[in-house]
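Undergrad: Take this structure, written in structure tokens, and hold onto it; I'll ask about it next.
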Amino acid sequence: MDEVSVTVTSLPNARTRLLQAALRLIRESGYSATSVDALCAAAGVTKGAFFHHFPSKEALGVAAAKHWAEMTGALFAAAPYHRHADPLARVLGYIDFRAELLGGRTEEFTCLVGTMVQESYASSPAIRDACAQSIFGHAETLEADIGAAMAQHGVTGFTAASLARHTQAVLQGAFILAKARDDVAVAAESVAHLRRYITLLFTPTPPLTGGLHG
């Protein structure tokens, strides 16, 4: 009875360790290069424990994408940019917060789901869909602030949803460039350009004065 109790109690910890190992190893080496053996070794669990929680490596990938979304969702929900009263300040504060997260080794600031979807979008629809839910779901959290800023500043010509998705396109692209150069400065440069772009979108264009002179 005691042995069974210990085993059942330890199962959630083993699952969590596997998910944490997946977040680290996949960001370091990619999904394809991360083997079940490597995941088990990093998590300190047996293969039996792995297959108890995940019927396949693909199932682990799907679960890792969902785990990533939960972890990052909590991080951004508690971020300080939400405290700004002005919606545009919240949008720019979000970008500033993303800039603050850049640092350390490349695998420490790049995106798990962005990494996985590049490898698996054609070979694993399940992983692709889980990654899409994470990326687009995060973009949706920006829509209310962008929409409020657009209304407040009289900005038209695009939707809040499209600009929210564009922020993620720039960020994911910045991560790819940082990987290509192995240099965080390249990503920081892209995020700074994104901030300038959004600032310009919400900067009123002064009316033309005077007539045309021939």
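Undergrad: As an exercise: evaluate Ala65 against (1) without any contact (Cβ under 8 Å) to a residue 40 or more places away in the chain; (2) crowded, with 16+ Cβ neighbours inside 10 Å and give the number of the one condition it does not meet.
TA: The failed condition is (1).
Undergrad: Next question. Go over the candidates Ile135, Ile176, Ile146 one by one and state the one that is over 11 Å from the mean Cα position of the chain (by Cα), crowded, with 19+ Cβ neighbours inside 10 Å and of a type in the set (Val, Ile, Thr).
TA: When all the criteria are applied, what remains is Ile146.
Undergrad: Of all residues in region 185-199, how many are farther than 16 Å from Gln172 by Cα and either of a type in the set (Ser, Thr, Tyr) or open to solvent by less than 20 Å² (accessible area, probe 1.4 Å) (or both)?
TA: 3
Undergrad: Return a yes/no flag: does region 118-128 have any residue that is surrounded by fewer than 20 Cβ atoms within 10 Å (Cβ to Cβ), of a type outside the set (D, E, K, R) and within 23 Å of Gly93 (Cβ to Cβ).
TA: No; the residues of region 118-128 include none that is surrounded by fewer than 20 Cβ atoms within 10 Å (Cβ to Cβ), of a type outside the set (D, E, K, R) and within 23 Å of Gly93 (Cβ to Cβ).
Undergrad: Looking at region 133-151, can you tell me whether even one residue there is in contact with a Gly (Cβ under 8 Å, 6 or more places away or on another chain) and free of Cβ contacts under 8 Å to residues at least 60 places away in the same chain?
TA: yes
Undergrad: Kindly evaluate Arg165 against the criterion of being at pLDDT 95 or above and more than 18 Å from Thr72 (Cβ to Cβ).
TA: Answer is no for this residue.
Undergrad: Scan region 17-42 and report the pairs whose first residue is farther than 15 Å from Val62 by Cα and free of Cβ contacts under 8 Å to residues at least 60 places away in the same chain and whose second residue is open to solvent by less than 70 Å² (accessible area, probe 1.4 Å) and aromatic (Phe, Trp, Tyr), with Cβ atoms within less than 8 Å and a gap of 6+ or a chain change.
TA: Cys40/Phe50
Undergrad: Just a yes or no: is a residue in region 43-61 of a type outside the set (Asp, Glu), open to solvent by 60 Å² or more (accessible area, probe 1.4 Å) and closer than 18 Å to Ile135 by Cβ?
TA: no
Undergrad: Just one of Leu88, Leu101, Leu177 is without any contact (Cβ under 8 Å) to a residue 60 or more places away in the chain and in contact with a Phe, Trp or Tyr (Cβ under 8 Å, 6 or more places away or on another chain); which is it?
TA: Going through Leu88, Leu101, Leu177 in turn, just one is without any contact (Cβ under 8 Å) to a residue 60 or more places away in the chain and in contact with a Phe, Trp or Tyr (Cβ under 8 Å, 6 or more places away or on another chain): Leu101.
Undergrad: Go through (1) at pLDDT below 95; (2) under 20 Å from Arg165 (Cα atoms) one by one and return the number of the condition Thr141 breaks.
TA: In the conditions (1) at pLDDT below 95; (2) under 20 Å from Arg165 (Cα atoms), Thr141 misses (1) alone.
The values are calculated or read from the model by the stated rules, or taken from the named source; none is laboratory data. On a predicted model such as this, the values are computed, not experimentally measured, just so you know. Here the Cβ is made from the backbone with ideal geometry for all residues, glycine too, and neighbour counts use every protein chain on show. Surface areas here come from the heavy atoms of the whole protein model, side chains and all, with no ligands, DNA or RNA. Shrake-Rupley method; radii C 1.70, N 1.55, O 1.52, S 1.80 Å.
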